[in-house]
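The values are calculated or read from the model by the stated rules, or taken from the named source; none is laboratory data. Owing to the predicted nature of the structure, the values given are computational and were not obtained by experimental measurement. Cβ sites come from the backbone with ideal geometry, for glycine too, and all protein chains shown count toward neighbours.
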Amino acid sequence: MAKKSHKFKTEVQQLLDLVIHSLYSKKEIFLRELVSNASDAIDRLQFEALTNKKLHAEEAELKIKLIVDEEAKTLTISDNGIGMTAEEVKTNIGTIANSGTRRFLEELKTSKNSDNPEFIGQFGVGFYASFMVADKVTVKTKRADSDEPAVIWTSTGSGSYTLDETEKETHGTDVILHLHEDMDNYLQEYELRRIVKEYSDYISYPVVMDVTRTEKAEEEGGEDVTTIEEEILNTMKAIWKKTPSDVSEEEYNEFYKHVSHDYSEPLKVIHYKAEGVTEFQSLMYIPGVRPMDLFMPDAKRGLHLYVKNVLINESCEDLLPSYLRFIKGVVDSSDLPLNVSREILQDDVNIKRIGKSLTSRVLKELDKIKTKDFDTYLKFFEQFGTVIKEGVHTDFENYDKLKDLLLFASSKSESDRPILLKEYVERMPESQKEIYYLTAESLTQAKQSPHLEIFHSKDFEVLFLVDPIDEWVMQRLTEYDGKTLKAIDRKDVDIHSDEEKEEQKTAIDEATKKYDDLLKVIKENLNEEIKEVTLSSRLTDSASCLVADDMGMNANMERIMKAMNQDVPPVQRILELNPEHPVMPKMLSLLESKENEQLKDYTELLYDQALLTEGSTIKDPRRFSQLVSKLMVGA
Ligand code: ADP
């Protein structure tokens, strides 16, 4: 391979420009990023060694070494991990793999905060952070157990990099930073010590450096003795193995960044050790913000799984159910075999036991936050409520706990203060027997629904379900605390007492007699659009509304299906009219005076009004507007 120059991908250059123009307030984090990469590379080597005897035969101590060259003004971060082939260098150090960084770039496009120095600090820029402190970066790397030659990668961070073959005896990677003039402090022992301690103390391999010590000669005139010794700068104690009281908040937060690639602070740390049939240690985090890829099917998810200190699986999906995929962290168990394959993992009883424990722990923690710090819980639910709802539908075992974690907007609550089902039930008036809800596209739409009128007049609260997933959740969530959950836009909603019902039946029967012919003509005029026309006592102000029958699709479900490009069979709903509305006698008089054309117009308007108030689209907006204009001029 001859030395060749390559161009960076556009997004990489975009990121590099940002990094070089130094929006980071703390440049020292470059070391955290490089040490973290080195540690990952050793993890990978150890993992491959489980099945590759050749790698196992090598006895070299696995470590990360910081090498300072004061004359050349270089700082080298050297590891004896897995290393990279030329191809791997091209794909790994020329693209942006990390979802946190991709999110950062996405947000940058849309954010007005892009020139805010704190902003970039929330994201990890990985290897590229090197360019915050170096004018030039050289990477020398050799892949373990590979016949391919070692490669040398060099770049000044502006547009391109070069790649060439080189000599390197041992496998692993050296990242050589040619420091900027004013970055001399990163050549100093105390500074490097401090940074490693602050950001990388938990790294499970030794981070070492040669330390020079000079002992004064004992006798006057004698020679000072200078020794150089390799010293370990980090404690290496895996943070999850420590007792929680020995871990500071900063340490937890730093480790969170390492495992999650999310550079904001976690919302909650869950750290515990399980003893009993299956023993394990676990350190889990509830993130504060929803990752961009939460709903992407191919996103990397799951916890890091360690067995006897070896990282077996970076994203073990079998430990937590899919709806808890936002949880980040580590599980370490010595009760698992070292060379566990994915297939074995899935069926392993210990994994199942651990998973069960982790799930109930997370749910317990969420319940605790909800009870003790509702404001924080609100923030959590805003970010992750939708996935918790997935759980209601899919996790039968924890269904009862999950129901109690749900929050919904309601007709009696401010929109920024959704309520729990428990709260709803507690404030139900005695005469109310069921829990009422309305699914809609938005809160505004829900609040305007004519279906609410009778509930307002009865002072019954109605939950507003405006997340598309809610329709699906409600198929499962049919009951809470012994009370049925009822959609208020269905025909069978029955909120009246027996006495009231009796009264209303008489009134409706009478009105039906009076309007019977009119109802028939309305049905004829609307023909296939509706299933039937009835009078009801559901409305107090509006003239008309549409309801789904017991089995039929409601308006919201129809919209969701259409939005998903699903074939929606023609849906016929029931048009309910308010017999007390002044438009009714007016229409009756049109019928009696045989003004058929005008009656037809009125019918259309009545139907379109019902569609508009429920948030559906009307078939022919132009015609609707013509009819309204006609009415306005009294034609
Ligand atoms: P991230 O570590 O978040 O994936 P980076 O930009 O820091 O992103 O690194 C990109 C990729 O380059 C890594 O995923 C890894 O495959 C490779 N890499 C970086 N540093 C090393 C290293 N010291 N040894 C081996 N591979 C490395």
Residues located in the stretch 204-217, provided they are of a type outside the set (D, E, K, R), at pLDDT below 90 and more than 11 Å from L62 (Cβ to Cβ): T212, T214, A217
S204 passes all but one of (1) out of contact with any strand residue (DSSP E or B) (no Cβ under 8 Å at 6 or more places or on another chain); (2) over 30 Å from V349 (Cα atoms); (3) assigned by TED's automatic domain parsing to the domain that holds N37; which number fails? (2)
Candidate set from the stretch 138-153 (those that are in contact with a strand residue (DSSP E or B) (Cβ under 9 Å, 6 or more places away or on another chain) and small (G, A, S)); member that is modelled with the highest pLDDT: A150
Sole exception among (1) under 28 Å from T10 (Cβ atoms); (2) modelled with pLDDT of 70 or more; (3) more than 8 Å from the ligand (Cβ to nearest atom) for N113, by number: (2)
Residue, nearest to D516 (Cα to Cα), within the stretch 590-624, restricted to residues that are among the small types (G, A, S) and surrounded by 12 or more Cβ atoms within 10 Å (Cβ to Cβ): A610
Across the stretch 162-183, what is the number of residues that are over 13 Å from M132 (Cα atoms) and either out of contact with any Phe, Trp or Tyr (no Cβ under 6 Å at 6 or more places or on another chain) or outside the structural domain of V211 (by TED's automatic domain parsing) (or both)? 14
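For every residue, the table says whether it meets (1) surrounded by fewer than 18 Cβ atoms within 10 Å (Cβ to Cβ); (2) under 26 Å from T371 (Cβ atoms); (3) over 21 Å from the mean Cα position of the chain (by Cα).
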position	(1), (2), (3)
K403	no, yes, no
E414	yes, yes, yes
T439	no, no, yes
K447	yes, no, yes
P468	yes, no, no
Output the qualifying pairs, or none if there are none: Cβ atoms under 8 angstrom, residues six or more apart or on different chains, first residue in the stretch 551-567 and more than 15 Å from E441 (Cβ to Cβ), second residue surrounded by fewer than 18 Cβ atoms within 10 Å (Cβ to Cβ) and not hydrophobic (A, V, I, L, M, F, W, C). G552/Q572
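Quick one: which helices (runs of 4 or more DSSP H) sit completely within the stretch 361-452 and have at least 1 residues that are acidic (D, E) and in the same structural domain as L320 (by TED's automatic domain parsing)?
So the answer is 374-394.
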Sole residue being among the polar types (S, T, N, Q), out of contact with any Gly (no Cβ under 6 Å at 6 or more places or on another chain) and surrounded by 20 or more Cβ atoms within 10 Å (Cβ to Cβ), chosen from N565, N554: N554
Take the conditions buried (at least 22 other Cβ atoms within 10 Å of the Cβ), modelled with pLDDT under 90 and within 15 Å of the ligand (Cβ to nearest atom) and apply them to F127. Does it pass? no
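Can you tell me which residue is nearest to the ligand (Cβ to nearest atom) among those in the stretch 36-86 that are surrounded by fewer than 14 Cβ atoms within 10 Å (Cβ to Cβ) and closer than 19 Å to V307 by Cα?
N52
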Here's a check for you: in the stretch 9-35, which residue that is modelled with pLDDT of 85 or more and either under 28 Å from the mean Cα position of the chain (by Cα) or surrounded by 20 or more Cβ atoms within 10 Å (Cβ to Cβ) (or both) is farthest from the ligand (Cβ to nearest atom)? L31
Within the stretch 329-339, take every residue that is surrounded by fewer than 20 Cβ atoms within 10 Å (Cβ to Cβ) and of a type outside the set (D, E, K, R) and give me the one that is modelled with the lowest pLDDT. N339
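On the basis of being of a type in the set (D, E) and surrounded by 15 or more Cβ atoms within 10 Å (Cβ to Cβ), does D489 make the cut?
yes
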Do we have R538 as assigned to a helix (DSSP H, G or I) and either within 45 Å of the chain's Cα centre (by Cα) or under 21 Å from P450 (Cα atoms) (or both) here? no
Residues in the stretch 139-167 that are hydroxyl-bearing (S, T, Y) and under 36 Å from the mean Cα position of the chain (by Cα) total 6
Residue ID - farthest from E61 (Cα to Cα), chosen from residues in the stretch 220-249 that are of a type in the set (D, E, K, R) and exposed (fewer than 11 other Cβ atoms within 10 Å of the Cβ): E220
